[in-house]
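Chemist: Dumping the structure here so I can ask a few things about it.
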Amino acid sequence: MHKLVFIVLLMVFGTNAQTPMSSSEADALKAKVKELSDETNTITSDFVQYKHLDFLSDDIISEGKLAFKSPNMVKWEYIKPFSYSVLFKNETLFINDDGKKSDMDMGSNKIFKQLNQLITASIKGDMFDASEFEVSYFKIDGASEVHFQPKDKQFSEFIKSFHITFNVKGEVLVVKMIEPSEDYTEIVFTNRKTNQPLSDAVFAQ
Amino acid sequence: MRYLLSSIFALCLVSCASYPKKNGFTKMEATQQSITNVYFGDASKDYVYKANIEAFGNSFSGIFIVKKLGTAHHRIAFTTEMGNKIFDFSFRGKDFKVNHILKKMDRKILLNILKNDFSVLVKEYPSLEKVFQKEKTTVYKTDIENKKYYHFLSEEELTKIVQVKNSKKKVEFTFSEINDNIAKHIQILHQNLNLKITLKAI
């Protein structure tokens, strides 16, 4: 009986075991992600966002589409259960809230500038900038998970840590943003297509 | 001169009249001690709304979340669509606690406004002072944290709450698209401040 319990425990915890990477494994992952990122000109992907608040019974789920075009045009479009999109383009953040349009100049706003850089970098996965983050590397179920802790105090008021999960090819599967309160937002990407022609009209406001 | 005096007197009669009088309510006999606001009363439900806040010339949107955690105990949070938390408050009896608020918004005046508005929104059993009738609507004069309110019920559904100060409307809460004890559309409109909060259930 004890053996059985042990085996069950091993199965439960064993499969989710988070093993720290050796420095050579981490370097190999960095190189792979960087290489993939450098040759990526466009990305389209569907996403499902899970907003976890500890006091709620269920996560708040929203779905949408993402489009990225090098070097720094990004459009997040929520489709369900509401229509809302944010477009980062030329230092400006364009918002379309169910037809109601507004924009914001990010040039003067340090936080938004950083947010834009982070979003672009996290979609491509290439955010291993040691000067801005404390970075740690883990292996989970054959995939890789990297934790980024912002060093900037102003930024860490919003986000305590980013966790990015990469598949074996070095593509981003999941981005998890953890708040100082431990509540988090998890974004799971599916149906990812890279380097397909993407018209500028996608990024028109 | 006499004309001036009488017109001032007439003006005073109108403007100094109580809120029910000004609005033509008929006083009724009160038969109960409190009324019920059912809209955030089910602890098994997560109440999630898409929110638009127009405040002092700025407009921003996000997700507004209300959760009942126990008797007279609610949690209210507001996040951006992308999930970043803007504020997170706890209301427990008369206690109000700020669990989180963006530093930029951490101003006592703003916090007081939000605290007042949201405590009215989630107050399940406001204590009753008087009852009035206007056509098919029953109007209950209520007291929440020593402030005067009028709860409007049409066919037993809460459709409006008005905060009144010095006989004048100060804040108006309207509830519409009501189904299964959920108001799918809620608006909080301030009369003296440039502040409007619109909530749509998602």
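Chemist: Where nothing but the Cβ of Lys and Arg (+1) and of Asp and Glu (-1) is charged, how large is the charge dipole of the protein assembly as shown around its Cα centre, in debye to the nearest 20?
Modeler: 1920
Chemist: Let me ask something else. Three principal axis extents, largest first, for the C-alpha atoms of the protein assembly as shown, in Å?
Modeler: 94, 65, 35
Chemist: Of B:94/B:148; A:80/A:124; A:176/B:97; A:89/B:50; B:108/B:184, which ones are farther than 19 Å apart at the Cα?
Modeler: A:80/A:124; A:176/B:97; A:89/B:50; B:108/B:184, as the Cα separations exceed 19 Å there.
Chemist: Using Cβ counts within 10 Å as a stand-in for footprinting exposure, how do B:175, B:60 rank, fewest first?
Modeler: So the residues, fewest neighbours to most, are B:60, B:175.
Chemist: Using Cβ counts within 10 Å as a stand-in for footprinting exposure, how do A:22, A:83 rank, fewest first?
Modeler: With the fewest neighbours first, A:22, A:83 line up as A:22, A:83.
Chemist: Let me ask something else. Going by the alpha-carbon gyration tensor, a ≥ b ≥ c the square roots of its eigenvalues, is segment B:18-201 rounded (a/c under 1.5) or, if a/c is not under 1.5, prolate (a/b greater than b/c) versus oblate?
Modeler: Prolate is the answer for segment B:18-201, as a/c is 1.5 or above and a/b outweighs b/c.
Chemist: Calculate the dipole size of segment A:19-197 relative to its Cα centre from +1 charges on Lys and Arg beta carbons and -1 charges on Asp and Glu beta carbons; express the result in debye to the nearest 20. Each step should come with its number before you reach the end.
Modeler: Values: 22 positive and 29 negative charges, 111 e Å.
I would put it at about 540 debye.
Chemist: Please compute, for peptide A:45-57, the average count of beta-carbon atoms on other protein chains lying within 10 Å of each residue's beta-carbon.
Modeler: That works out to 4 on average.
Chemist: Same structure, new question: Can you sort A:192, B:107 so the residue with the fewest Cβ neighbours within 10 Å comes first?
Modeler: B:107, A:192
Chemist: While we're looking at this one, here's another question. Please compute the volume of the convex hull spanned by the alpha-carbon atoms of segment A:19-197 and report it per residue in Å³.
Modeler: Dividing the Cα hull volume of segment A:19-197 by its residues yields 132 Å³.
Chemist: Let me ask you something else. Residues in segment B:156-170 near a label at residue B:36, defined as backbone nitrogen under 16 Å from the 7 Å Cα→Cβ point?
Modeler: Only B:156-159 fall inside the zone, counting backbone N under 16 Å.
Chemist: Along the charge dipole of segment B:106-192, pointing to its positive end and built from +1/-1 on Cβ of Lys, Arg, Asp and Glu, which listed residue (B:126, B:116, B:158) has its Cα farthest out?
Modeler: It is B:116, whose Cα lies furthest towards the positive end.
Chemist: With a sphere of radius 11 Å drawn around the Cβ of residue B:37, what net charge do the other residues whose Cβ falls strictly inside it have (Lys, Arg +1; Asp, Glu -1)?
Modeler: Spelling it out: positives minus negatives among the neighbours equals -1.
Every number here is computed from the coordinates shown, using simple stated rules; none is lab data. Given the structure is predicted, the values throughout are model-derived calculations rather than measurements. For neighbour counting, all protein chains shown are included, and Cβ atoms are generated from backbone atoms with ideal geometry for every residue, glycine included.
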